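Down below is the structure, laid out as structure tokens.
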Amino acid sequence: MYLDVSVWVAIVLAGVLGCVATGVAAQMAAGIPMKAVAGDPGKQLWSVIFAVPLPFLLSIGSVTVGAIVSYLVLMLAPTLASKFYFGPKQVPFQRLAVFNSVYAVVAIVVFIVVRHLV
């Protein structure tokens, strides 16, 4: 599964575009400059790293179960990492979860679309 180059292309695009979508959501909802989120190479890198388990997660059970598990992991992992390690610790967990929900949905959709196109 991970030996296929198209899987890695899908992972990288899912992470990067998920990060950009999070930046857009943060700018629209909270006035946070998009560059602060999507323009940070470290955040882009971590967005790709968080997307690495997508092929495995999406293969769990049925399509629906895989999508739900993927969503939960891609929303919770960066939210917990932001809250307790990376991000601004004063931002409420719920707000981080909403922004990372955008990341999760976009990353999953981009991964699936790219895998079906390539």
Calculate for the chain the 222 nm mean residue ellipticity that helices alone would give, adding -39,500 (n - 2.57) per DSSP H run of length 4 or more and normalising by residue count, nearest 500 deg cm²/dmol. -26500 deg cm²/dmol
Subtracting the Cα-Cα distance of Phe93 and Met28 from 0.36 nm times their residue separation yields 21.6 nm
DSSP-assigned coil residues among chymotrypsin sites (Phe, Trp or Tyr not before Pro) in region 61-118, each with at most 16 further Cβ atoms within 10 Å: Tyr85, Phe86
So, in nm, how far is label Tyr71 from label Asp4 when the simple model puts each one 7 Å beyond its Cα toward the Cβ? 2.4 nm
Could you calculate the contour length gain from Ile49 to Val113, that is, 0.36 nm times the residue separation minus the distance between their Cα atoms, to one decimal place in nm? 21.2 nm
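Please grab the % of Cα pairs in region 5-117 that end up more than 21 Å from each other. It would help to have the intermediate numbers written out before the result.
Values: 1877 of 6328 pairs.
Counting every Cα pair in region 5-117, those more than 21 Å apart make up 30 percent.
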Considering Cα pairs under 8 angstrom that are at least six residues apart, work out the relative contact order of the chain and quote it in whole percent. 36 percent
Are there trypsin sites (Lys or Arg not before Pro) in region 59-103 that DSSP marks as loop and that have at most 14 other Cβ atoms within 10 Å, and which are they? Lys89
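Every number here is computed from the coordinates shown, using simple stated rules; none is lab data. Because the structure is a prediction, the values reported are computed rather than measured. With ideal geometry, Cβ positions are generated from the backbone for all residues, glycine too; neighbour counts draw on all protein chains shown.
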